[in-house]
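A.B. asks: Dumping the structure here so I can ask a few things about it.
The values are calculated or read from the model by the stated rules, or taken from the named source; none is laboratory data. Note that this is a predicted model, so its numbers are computed, not measured. For neighbour counting, all protein chains shown are included, and Cβ atoms are generated from backbone atoms with ideal geometry for every residue, glycine included. For accessibility, only protein heavy atoms count, side chains too; no ligands or nucleic acids. Shrake-Rupley method; radii C 1.70, N 1.55, O 1.52, S 1.80 Å.
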Amino acid sequence: MLNKPVLVESLIVFTIVLCVHAVVWDRYSWCSVALAIQAFYVQFKWDRLLQLGGAVFQFRAAANSGLLPASMVIPLLGVTMKERCKAAGIVYFERFGIVVASTGMLVALFLSVIAVGITKPVPTNTCILTGVAGSIIIYTMKHSLTVSEVIEVLEVLLIFVYLSMILLYLLPRCFTPGEALLVLGGVSFVLNQLIKRSLNVVEGRGEPIDFFLLVAVIGVILLGLFFTVLFIFMDSGTWISSLFFHMMTAVLGLGVIMPWLYRLIQRNPLFWLLQFLFQTQTRVYLLVFWTFLAASACGIVFYQNAKRSSESKKHQASTITRKYFHFIVVATYVPGLIYDRPLLYVAAVLCLAVFIFLEYIRYFRIKPFGQTLRHLLSLFLDERDSGPLILTHIYLLLGMSLPVWLFPRSCAPKGSLSGAGALVPYAGVLAVGVGDTIASVFGSTMGEIKWPGTKKTFEGTMTAIFAQIIAVALILIFDSNVNLNSSYAWILASVSLVSLLEAYTTQIDNLLLPLYLQIMFMA
């Protein structure tokens, strides 16, 4: 039986897809519509598999599969990037956008085929829809991609298949199928880009900060895979194992990751990083301010744990308490977006690497801090942290950072896109830092009218929309690079649709909402 929240969520996603393609209609629009229709049907097959325990891997409970909203993110990002770069006359990134869109469609289609293939009895109508959508996508790719681009798309698909088999087995209950599609699809694409650029360094495409992002993300993930395999054969909680962990981290960091980055940027990575961070006085001020905010966040963690010790062992942080970190992140990102975006770009990469590394220490119980981190972070767990990893804080960082990292700088003539596109780097701040935070705070304290079938409230959603509009007005006042060119109706529609999606989705909103708001702004 179809449930209403999933139907409303699907309707919102369909509306976003149609709004985007009403602006950028081309041959890929047919592919997106076909993919959305088949993903809608396959999503319910996935939901049935999850309810009956028939899925091959263990996925996160208390959420639907999320296949439709996740399937459309990467294709829509690619299509909007293609159109922006086409308008700017940047052919290389126009082709790159086509590759991104094609890759997203093929990976989403593969996940749909898996669901249809393991559903018993075989759903005939869904199979036909999947076949038709697949035919449209493959036909379009055949007439749009060069041979080298087709090979690149297939490489990403192959990496995705292997990564899915490994990580979904090692990390049960950490993802829904949709979240796995987004996270593992993104990692697969980043890994393929890193391999491709490592083999073609002579071409010199890309800036050092882009290479830094690629190497840092793939480096920490490979580090985690290495230690996961290693600790199958030895106890990770002993002092000997912990010493070995720290030694091998240093060896792999200095012996593999640093030389890899050196090959890409053609200079000493440590010297480049230090010179970059302290290049101007503004950067020094920002770093000092961010250090103060990081210390404040740590202070909140210690204070809340001390409060738990004095009150009750079962005490858990409230929703409002968890939103303190959202306010701190907003205070971190807004000055960086206004005064020095490249610094924010690099600082976010460093912070992501640190977060993932600390999660390794917690997960493997590495001495001397592993058990302490387990105790401190357990206070902030919610129903989405049902697996062995705690990922909500990493998703928060990703949600704020992805619009900064994915902003098509080469296609922005003066460092900023025209119209609503000027707000693309602020998509994470608006959707997560302002919208989601205000919706949770006001909804949990003053909300009375609930959206049908959900725990979210009408009051929370309305205040979130109003708060984001106020935030846009403040951005216009303080950031001189933002010029909206009278695209206020589109911004209001974008913010409203994404806020409604927040009310109905059961996926990780910190990850999903900024990407959809970025897509709408780029369109």
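A.B. asks: Just the Cα atoms of the chain: what Rg and Dmax do they give in Å?
C.D. replies: 22.5, 67
A.B. asks: In the stretch 450-523, what trypsin sites (Lys or Arg not before Pro) fall in a loop by DSSP, with at most 13 other Cβ atoms inside 10 Å?
C.D. replies: For trypsin sites (Lys or Arg not before Pro) across the stretch 450-523 that sit outside H, G, I, E and B with at most 13 neighbouring Cβ atoms in 10 Å, the list reads LYS455.
A.B. asks: What distance in nm separates the two pseudo spin-label positions at TYR92 and PHE57, each 7 Å out from Cα along the beta-carbon direction?
C.D. replies: That separation, rounded to one decimal, is 3.4 nm.
A.B. asks: Placing unit charges on C-beta atoms (Lys and Arg positive, Asp and Glu negative, everything else neutral), compute the dipole magnitude of the chain about its Cα centre in debye, rounded to 20. Don't skip to the answer; put the middle values down first.
C.D. replies: Numbers: 35 positive and 25 negative charges, 112 e Å.
Approximately 540 debye in magnitude.
A.B. asks: Under the 0.36 nm per residue contour assumption, what length would be gained going from the current alpha-carbon distance of MET165 and GLN266 to full extension?
C.D. replies: Result: 32.9 nm gained on full extension.
A.B. asks: Something else: Let me check I've understood the local charge: for LEU501, count other residues with C-beta under 9 angstrom from its C-beta, Lys and Arg +1, Asp and Glu -1. What total comes out?
C.D. replies: Values: positive: none; negative: GLU9, GLU502, ASP509.
Net of charged neighbours comes to -3.
A.B. asks: In terms of modelled amide H atoms, which long-range or inter-chain residues lie less than 5 Å from the amide H of LYS450?
C.D. replies: Excluding prolines and chain starts, which carry no amide H, the hits are PHE458.
A.B. asks: What does the charge count near LEU406 come to, summing +1 for each Lys or Arg and -1 for each Asp or Glu among other residues with Cβ under 14 Å from its Cβ?
C.D. replies: That works out to +3.
A.B. asks: Where does the charge balance sit around SER236 when Lys and Arg score +1, Asp and Glu -1, over other residues with C-beta under 14 Å from its C-beta?
C.D. replies: +2
A.B. asks: Here's another thing I want to ask about it. Figure the gain on full extension for ASN485 and VAL284 (residue separation times 0.36 nm, minus the Cα-Cα span) and round it to one decimal in nm.
C.D. replies: Full-extension gain reported as 69.0 nm.
A.B. asks: What translational diffusion coefficient, to the nearest whole µm²/s, does the stretch 1-195 have by Stokes-Einstein, given a Kirkwood radius computed over alpha-carbon pairs, a temperature of 4 °C and 1.567 mPa s viscosity?
C.D. replies: Values: Rh = 17.0 Å.
For the chosen part, D equals 76 µm²/s.
A.B. asks: Using a 1.4 Å probe over the heavy atoms of the protein chains, calculate the carbon and sulfur portion of the accessible area of the stretch 1-195 as a whole percent.
C.D. replies: 72 percent
A.B. asks: Given the whole protein assembly as supplied and a 1.4 Å probe, what does the accessible area of ARG95 come to in Å², nearest 10?
C.D. replies: 70 Å²
A.B. asks: Give me the three principal axis extents of the stretch 1-69 from the C-alpha atoms, as integers in angstrom, largest value leading.
C.D. replies: 41, 23, 19
A.B. asks: Given N residues in the stretch 435-515, what is Rg(Cα) / (2.2 N^0.38 Å)?
C.D. replies: 1.16
A.B. asks: Still on this structure, please answer the following. With +1 on each Lys and Arg Cβ and -1 on each Asp and Glu Cβ, and nothing else charged, work out how big the dipole of the stretch 1-87 is about its Cα centre, in Debye to the nearest 20.
C.D. replies: For the stretch 1-87, the charge dipole is close to 100 debye.
A.B. asks: With the dipole of the chain worked out from charges on the C-beta (+1 for Lys and Arg, -1 for Asp and Glu) around the Cα centre, which of LEU397, VAL79, VAL56 lies farthest toward the positive end?
C.D. replies: Of the candidates, VAL56 comes out farthest on the positive side.
A.B. asks: Still on this structure, please answer the following. Is there a pair in LYS367/LYS455; LYS45/LYS456; LYS82/LYS196; LYS4/LYS82 whose C-alpha atoms are over 30 Å apart, and which pairs would that be? Could you put the intermediate results ahead of the total?
C.D. replies: Working: LYS367/LYS455 40 Å; LYS45/LYS456 26 Å; LYS82/LYS196 20 Å; LYS4/LYS82 35 Å.
Table pairs above 30 Å Cα-Cα are LYS367/LYS455; LYS4/LYS82.
A.B. asks: Using a 7 Å offset from the Cα along the Cα-to-Cβ direction at both PHE276 and TRP239, what is the distance between the two label points in nm, to one decimal?
C.D. replies: Using points 7 Å along Cα→Cβ, the separation is 3.9 nm.
A.B. asks: Report the label-to-label distance for ASP382 and ILE118 in nanometres (one decimal), using points 7 Å from each Cα along the Cα→Cβ vector.
C.D. replies: Here the modelled spin labels are 2.8 nm apart.
A.B. asks: When we measure straight from the Cα of LYS307, which aspartates and glutamates land under 19 angstrom away, once same-chain ones fewer than 8 places off are left out?
C.D. replies: Output for LYS307: ASP382.
A.B. asks: Taking only the alpha-carbon positions of the stretch 377-523 and ignoring solvent, what does the Debye formula give for the base-10 log of I(q)/I(0) at q = 0.15, 0.16 Å⁻¹?
C.D. replies: -0.76, -0.85
A.B. asks: Sort the stretch 121-234 into rounded, prolate or oblate with this rule: let a ≥ b ≥ c be the square roots of the eigenvalues of the Cα gyration tensor; rounded if a/c is under 1.5, and if a/c is not under 1.5, prolate when a/b is larger than b/c, oblate otherwise.
C.D. replies: oblate
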